[in-house]
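Input: a single structure, listed below in structure tokens.
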Amino acid sequence: MLQQRVLSGSLLAIGVIGLTLVDGYLAQHDPPVWFLPLLKIQLGPWLCRGALFTALVLLLTWLSAREVARLSRAGGHHPLDLEARFFAAGLVVGPYFGTNAGLSSSAAEAWTLLWLALAVGWCFAVQAIRRRSQDALANIATTLFIVLYVGGLASFLVRLRLDVGGMEGAVVLLFSMFLVKINDTGAFFTGRAFGRRRLIEWLSPGKTWEGFVGGLAAAMLSALLIGSALHFSGIVRLPPGLLGYPGGLVLLGLLMALLSVAGDLCASLLKRDAAVKDSSSAIPGMGGVLDIFDSPLLAAPAAWFFWTRLVQITG
């Protein structure tokens, strides 16, 4: 089981890292000549500005929203499955189209609010067309929860990638999400070796306080070491100070670790309500897409806020 989990996780990591770095490369050569220079194939500018990474997040969002809808149905609720996935997907691609269309941040936020208003109106319309008032509130609320939980949070991954931009955007995104996953890894192995006291036994019996501390330490140490390498190599240079170098790196590691645990516990709450162990069996040894996407979902807004609002980085 552990070998299968390691194999699946490694293949997924290689795919995600490779695609994100290619996306960053394309952003640096806008629009570039494709890798076969003799053919002189030139890519359009829209494809060079975050299209690959947006497509990846869109796929993960679509699959995760479907899994959350299944969990909801198993828990006795009846969300509008297709509508939930559609409007969640719209929140993810919104930043991509807004950035490439040259919209200001206020205009982009207005379009996001309009999209959410359309989602609410459509859910009411579908419920009315079906002429069913029973469980109308629960159905609409569950549908909108999926839209916001999966699509709303996932959109911050795209926002981070595009707001920072270029290869720097790809690097800080991968760096932040690595801290999320290194917390999971550190907590897993520390918990297996030293775990004695359960963190929240009724919700996630496999988590221990020892693993929790080990994950925090792994994330904060990794943030300082890798962040220092990026800083002194000039790839991503942080300003000095509490929120820059080195204090900001430690803060980032702490934030990503805490939100990684919180994201996993949030998904566990949904799975407990549905009385299942995993969100699905789509990924051998790891469960469903939500089982690997839950921690990045909750950490994404904090990572975006850190890199775009708290610090000003330079390449």
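No lab work stands behind these numbers, since they all come straight from the coordinates. Keep in mind that what you see is a predicted model, and the values were worked out from it rather than measured. All Cβ positions, even for glycine, are placed from backbone atoms using ideal geometry, and neighbour counts span all protein chains on display.
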Can you give the net charge of the other residues whose Cβ lies under 11 Å from the Cβ of Trp307, counting K and R as +1 and D and E as -1?
+1
Dipole size in debye (nearest 20) for the chain around its Cα centre, Lys and Arg Cβ +1, Asp and Glu Cβ -1?
420
Each label point is 7 Å from the Cα along the Cα-to-Cβ direction; what then is the distance between the points at Gln312 and Ser104, in nm?
2.0
Rounded to one decimal in nm, the spacing of the 7 Å Cα→Cβ label points at Arg198 and Ala217 is 2.4
For the range 92-98, Karplus-derived ³J(HN,Hα) couplings (6.51, -1.76, 1.60; θ = phi - 60°; whole Hz; x for glycine and proline) come out as 6, 7, x, x, 5, 5, x
Post the alpha-carbon centroid distance, the range 75-149 to the range 227-271, in whole angstrom.
30
Lys and Arg at +1, Asp and Glu at -1: add these up for the other residues within a Cβ distance under 10 Å of Asp23 and post the number.
+2
Expected 222 nm ellipticity per residue - DSSP helices of 4 or more, -39500 (n - 2.57), all of the chain, to 500:
-24000 deg cm²/dmol
Using modelled amide H (1.01 Å from N, peptide plane; none on Pro or chain starts), what sits under 5 Å from the amide H of Ile200, excluding residues fewer than 5 places away?
Lys207
If Lys271, Lys277 are placed from fewest to most neighbouring beta carbons inside 10 Å, the sequence is Lys277, Lys271
Could you work out how much longer the chain between Arg132 and Val250 gets when fully extended? Use 0.36 nm per residue separation minus the Cα distance between them, nm to one decimal.
37.2 nm
For Thr208, the net charge from surrounding residues (Cβ-Cβ under 11 Å; K, R +1; D, E -1) works out to +3
Could the peptides 106-113, 78-85 be put in order, highest first, of the mean number of other beta-carbon atoms found within 10 Å of their residues?
78-85, 106-113
Can you pull out the GluC sites (Glu not before Pro) in the range 153-259 whose DSSP state is coil and whose Cβ has at most 11 other Cβ atoms within 10 Å?
Glu201
Candidates for Cα extents along the principal axes in Å are (i) 96, 49, 42; (ii) 58, 42, 42; (iii) 60, 53, 40, and the calculated one carries label (iii)
Approximate spin-label separation Gln28-Lys277, in nm, with each point projected 7 Å along Cα-to-Cβ
4.4
Over the chain, what is the mean sequence separation of C-alpha contacts under 8 Å (at least six apart), divided by residue count, expressed as relative contact order in percent?
21
